[in-house]
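What follows is a short report on a single structure.
The values are calculated or read from the model by the stated rules, or taken from the named source; none is laboratory data. Note that the structure is predicted; figures quoted are calculated from it, not measured. Glycine also receives a Cβ, built like all others from the backbone with ideal geometry; neighbour counts cover every protein chain displayed.
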Amino acid sequence: MQRYQLRLSGLRENKGHVKVATLQCFLYALVKTAECATRLLVTGEGSGRGPKPKWLNAVLDFTITGQKRDATLFEIEAPQLGETAYAQFAQQNFWREQPTMRDTAVDLAALAIREAQTATSSGDRFDGAVLRAILKFRQSAQNADIRYHLIPQKPARGQFTLDALTCAQIEERLKNFPPSRAFIVSGRIAEIEHGNGHFLLELREEKIFGRLQLERFDVGVLLSLWDKRATIQGVVHFKANGQPRLIKVHRLRAYRDGDVVFEKLPFAEMPKSRGLTPRQEKQARSFNLLNLCGAWPGAEPVEELLAQID
């Protein structure tokens, strides 16, 4: 287990006191961000349909072990990935930075939050689902002065600070996140990950990672095309910087004459980023009616709403 301290400041209650609704919301935000950040590293997408797999439930099995009386501070324990999701992370993955077996889902959430706060980051650790999960932290109170500070008790990567201004910057990143698009791509299936439908497609001088939807395909389809040229029709998901993260396969077939026109790296249509104006930064610091906990769902994707119903 890894241990952390999560400190809340700026609440309207006395130190050491916290409303139940506030507690419910910020714990949900922490768990949801950890869930999406972990899913992203394993599957290439921060969201998923249907019930959570057993390994993901185990990864998210956090425990509150204590609370300080004279401060709004919670002590939290989280299990290490090596104890809960060894099979998912033990295999060296060629499309992600490999976490250590001592990392926890809290560490992955913290890394995603810190990367999302860096304007020049490529977006390896977050997508739209992760950004939406992070923004749920600000639903915890009707007070724009609330601030979250997570500190690991042992050397770990689970450290972050969130406040109204950084949430406004993350919301701007979400607005400018490139949407997924349908493409046809041709190349050589150069590498295959055993059993999970992940593969590497090499184009002329570039590459893109792919994933079979195992509910629609048998992994044997990949084996039959290993080290051969193939043509894929699917949906390409992009990173924040516009680079393709992966292509989800809808159709897969052997290469045909004329498919050379599809040997191009997919491109993203990037919204024009304007960043926060000084006035918007001032509003982010002073506005005191942030999204209310328990409000009717707004811009959440259908997949996230369905996952909450399950």
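The table below gives the values:
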| quantity | calculated |
| --- | --- |
| Enumeration of residues in segment 203-226 that are basic (Lys, Arg) and touching a Ser or Thr at 6+ places or on another chain (Cβ under 8 Å) | Arg211 |
| Condition broken by Leu30, with the remaining ones in (1) closer than 15 Å to Ile146 by Cβ; (2) outside any loop (DSSP other than H, G, I, E, B); (3) out of contact with any helix residue (DSSP H, G or I) (no Cβ under 9 Å at 6 or more places or on another chain) satisfied | (3) |
| Conditions (1) aromatic (Phe, Trp, Tyr); (2) modelled with pLDDT under 55; (3) surrounded by 14 or more Cβ atoms within 10 Å (Cβ to Cβ): number failed by Trp296 | (3) |
| Any hit, segment 97-106, residues being under 20 Å from Phe199 (Cα atoms), among the charged types (D, E, K, R), out of contact with any Gly (no Cβ under 8 Å at 6 or more places or on another chain) and not in a helix (DSSP H, G or I) | yes |
| Answer from Ile232, Ile208, Ile170 - the residue that is at pLDDT 90 or above, surrounded by 12 or more Cβ atoms within 10 Å (Cβ to Cβ) and in the same structural domain as Thr118 (by TED's automatic domain parsing) | Ile170 |
| Residue ID - surrounded by the fewest Cβ atoms within 10 Å (Cβ to Cβ), chosen from residues in segment 235-256 that are under 28 Å from the mean Cα position of the chain (by Cα) and over 18 Å from Gly46 (Cβ atoms) | Arg251 |
| Residue among Gln67, Gln80 that alone is surrounded by fewer than 22 Cβ atoms within 10 Å (Cβ to Cβ) and either out of contact with any Gly (no Cβ under 8 Å at 6 or more places or on another chain) or farther than 29 Å from Lys15 by Cα (or both) | Gln80 |
| Selection status of Ala112, farther than 22 Å from Arg245 by Cβ, assigned to a helix (DSSP H, G or I) and among the aliphatic types (A, V, I, L, M) | no |
| Residue match in segment 12-33 (condition: closer than 30 Å to Gly195 by Cα and in contact (Cβ under 8 Å) with a residue 40 or more places away in the chain) | yes |
| Residues located in segment 39-79, provided they are within 20 Å of Arg125 (Cβ to Cβ) and in a helix (DSSP H, G or I) | Arg39, Leu40, Leu41, Val42, Thr43, Trp55, Leu56, Val59 |
| The one condition in (1) surrounded by 14 or more Cβ atoms within 10 Å (Cβ to Cβ); (2) out of contact with any Phe, Trp or Tyr (no Cβ under 8 Å at 6 or more places or on another chain) that Val42 fails to fulfil | (2) |
| Criterion violated by Ile189 - all others in (1) surrounded by fewer than 19 Cβ atoms within 10 Å (Cβ to Cβ); (2) farther than 21 Å from Gly48 by Cβ satisfied | (1) |
| Matching residues in segment 3-12 - criterion: being out of contact with any helix residue (DSSP H, G or I) (no Cβ under 8 Å at 6 or more places or on another chain) and either β-branched (Val, Ile, Thr) or assigned to a loop (DSSP other than H, G, I, E, B) (or both) | Gly10, Arg12 |
| Which numbered condition Ile64 misses (of (1) under 20 Å from Gln159 (Cβ atoms); (2) under 18 Å from the mean Cα position of the chain (by Cα); (3) free of Cβ contacts under 8 Å to residues at least 60 places away in the same chain) | (2) |
| Qualifying residue in segment 18-26 (condition: assigned to a loop (DSSP other than H, G, I, E, B), among the charged types (D, E, K, R) and exposed (fewer than 14 other Cβ atoms within 10 Å of the Cβ)) | no |
| Leu111 vs. criteria of a type in the set (A, V, I, L, M, F, W, C), surrounded by 21 or more Cβ atoms within 10 Å (Cβ to Cβ), out of contact with any Ser or Thr (no Cβ under 9 Å at 6 or more places or on another chain) and at pLDDT 85 or above | yes |
